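First comes the structure, then the notes that go with it.
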Amino acid sequence: MCIPLVARVRSVSDGVAEVELIEGEVVQVSTALFPDVAVDEHVLLDRGLIIEVVTPEEAERLLSFFADLASLWEEEDARA
């Protein structure tokens, strides 16, 4: 299963966006699939590509879901 990363666009230039991941790490990704992405938009990333532009509310819902999922995995590991 692939889980996309949630990020915020910091800059865009020549087909490359600099994005900030939730942990604060800054990485560069391709804008090939979304060439009109803009600074401060929230995006989903997979394998170095922006795969979707999402609203801030969608980004928050995804982050909350991922946190809940991680908690469930931790609980399951603790029982094993």
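A short reminder: the numbers here are calculations on the coordinates, not readings from a lab. Keep in mind that what you see is a predicted model, and the values were worked out from it rather than measured. Glycine also receives a Cβ, built like all others from the backbone with ideal geometry; neighbour counts cover every protein chain displayed.
Structural remarks
- Only helices enter the 222 nm calculation for the chain: every DSSP H run of n ≥ 4 contributes -39,500 (n - 2.57), and dividing by all residues gives -10500 deg cm²/dmol, rounded to 500.
- Global form of the range 39-80, assessed from the alpha-carbon gyration tensor, a/c cut-off 1.5: oblate
- Computed E for PHE66/ALA32 - FRET, C-beta separation, R0 30 angstrom, nearest 0.05: 0.75
- Fraction of antiparallel bridges per DSSP, the chain only, in percent to nearest 5: 95
- Residue exposure sequence - LEU72, LEU21 - by fewest surrounding Cβ within 10 Å: LEU72, LEU21
- Against the chain, whose longest principal axis is taken from its Cα atoms, helix 56-79 shows a tilt of about 30°.
- Euclidean distance of C-alpha centroids, the range 1-30 and the range 41-80, integer Å: 14
- Rounded to the nearest 20, the Cβ-based charge dipole of the range 5-79 about its Cα centre (Lys and Arg +1, Asp and Glu -1) stands at 200 debye.
- Exposure proxy ranking for ASP68, ASP46, based on other Cβ atoms within 10 angstrom of each Cβ and starting from the fewest, stands as ASP68, ASP46.
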